[in-house]
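Let me begin by handing over the structure; questions about it come next.
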Amino acid sequence: MTSRTGDAFVLKGGTALLLTYYLPRFSIDLDFDGRSPSVDLTESIQAGAAAAQLPVHSLRDAKHTPTVHRHMLHYRDDVMRPLKIEVSYRQAQQIDEDDVTTINGIRTYRLEKLASLKIDALVNRTKARDIFDTSFLLHRYPEAISDDDLTRIDQLIDLIGLNDLEAIMQDDDILNRFDLTHVAVSLVENVLRMRQERGGE
C-alpha cells in the first residue's frame, strides 16, 4: 500500500518488524504514521487486498478522528478476525525523512526509530507482544537500542519483575508456540549484559 501512496504513510509496529527486520512472530495488523488526514485510504486498501488475493467481504471505517483513522477489512469469511489498518496522525509534523527507509518496496522507519517506538509502547502499555518484540530487538539488534531506551527497559524490569513479564505474555495466543520463559529471561539478561558493556551498573 505504501508504494501507492507516496510519502503519505510510514509502516510501523510489529508488522514492520516482521516484513523488514525478520521478527519471528506472526503479525497482521497494519499500523502507520500518516502525514495528512485528508488522504483517503479506501482505494489503496482495496487495491492492496486484490494484489494479495484477499477476497474482501467488507471494508468499514471503524474510527475517524483528526488524529486516528481505523479501517477494518473483513476477508475470507465472517468468523475470521478482521484485518485492522490504522493510521495515526499524532506525529504528522514530526515525521523525519532521515528516520524513514524503503525495504522491499515497503516504506518504513529505520531500525533505530522502530526500536525506539516499540520501547515507547513497552513502557507505556506493557503488552505481551511489546515484551516479545523488545526481547527480539535486544537479542538480534542490540546496536539499535539507545542508552536512554536501555535505561527505560531496565527501569521497567525493576518495576514489574521477571515473573510478570512472562505472565503477561502467557495470555497471547499468537505467542503460545514460543518458550516464553526463555523470551523473558533473554530480555532481562540482554539488558544486564548491554548495560555492563556500555559502562552502566
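So how do 37-43, 160-166 stack up, highest first, on mean other-Cβ count within 10 Å? Please list the in-between numbers first.
Details: 37-43: 12.6, 160-166: 15.3.
Descending packing order for the listed peptides: 160-166, 37-43.
Going by a ≥ b ≥ c, the root eigenvalues of the Cα gyration tensor, does region 111-201 fall in the rounded group (a/c under 1.5), the prolate group (a/b larger than b/c) or the oblate group?
On the way: a/c = 1.64, a/b = 1.45, b/c = 1.13.
Prolate.
Could I ask something else about it? Residue by residue through region 49-59, which ³J(HN,Hα) values in whole Hz follow from phi under the Karplus form 6.51 cos²θ - 1.76 cosθ + 1.60 (θ = phi - 60°), with glycine and proline marked x?
Per-residue couplings from phi come out as 5, 5, 5, 8, 6, 9, x, 7, 7, 6, 10 Hz.
How much length is gained on full extension from GLU189 to ALA62, taking 0.36 nm per residue of separation minus their Cα-Cα distance? Provide the component values of the computation, followed by the final result.
Working: separation 127, 0.36 × 127 = 45.72 nm, distance 4.07 nm.
This chain segment gains 41.7 nm when fully extended.
For a footprinting-style exposure proxy, rank MET169, MET194 by other Cβ within 10 Å, fewest first. Spell out each step's value before the answer.
Numbers: MET169 23, MET194 18.
Final ranking by Cβ density, sparse to dense: MET194, MET169.
Continuing with the same structure: Of MET169, GLY105, GLN196, whose Cα points farthest to the positive end of the dipole of region 97-200 (charges on the beta-carbon: +1 Lys, Arg; -1 Asp, Glu; origin at the Cα centre)?
Looking along the dipole axis, the top candidate is GLY105.
Continuing with this model, one more query. Once every DSSP H run of n ≥ 4 in the chain is given -39500 (n - 2.57) and the sum is divided by its residues, what mean residue ellipticity at 222 nm do you get, rounded to the nearest 500 deg cm²/dmol?
On the way: 6 runs with 89 residues, N = 201.
Taking each H run of at least 4 residues, the total per residue is -14500 deg cm²/dmol.
Within region 105-189, report the chymotrypsin sites (Phe, Trp or Tyr not before Pro) that DSSP leaves as loop and that have at most 16 other Cβ atoms within 10 Å.
On the way: sites: TYR109, PHE132, PHE136, PHE178; in loops: PHE178.
Loop-located and lightly packed - PHE178.
Here is a follow-up. Between GLN53 and ASP173, what is the spin-label point distance in nm, taking each point 7 Å from the Cα along the Cα→C-beta axis?
2.5 nm
If you take the square roots of the eigenvalues of the alpha-carbon gyration tensor of region 1-109 and sort them as a ≥ b ≥ c, do you get rounded (a/c under 1.5), prolate (a/b over b/c) or oblate?
Numbers: a/c = 1.74, a/b = 1.25, b/c = 1.39.
Here region 1-109 falls in the oblate category.
What is the packing order of peptides 91-100, 110-119, taking the mean over residues of other C-beta atoms within 10 Å and listing the highest first? Please list the in-between numbers first.
Details: 91-100: 12.2, 110-119: 20.7.
Descending mean neighbour count gives 110-119, 91-100.
Computed from these coordinates, which is Cα extents along the principal axes in Å: (1) 52, 39, 30; (2) 57, 33, 32; (3) 55, 47, 34?
Of the labelled values, this structure produces (1).
For LYS127, list the lysines whose Cα falls under 20 Å from its own Cα; do not include residues on the same chain fewer than 8 positions away.
Filter leaves LYS12, LYS84, LYS113, LYS118.
Here, each number is a calculation from the coordinates, and none is a lab measurement. All values reported here derive from a predicted model rather than from experimental measurement. Cβ: placed from backbone, ideal geometry, glycine included. Neighbour counts: every protein chain shown.
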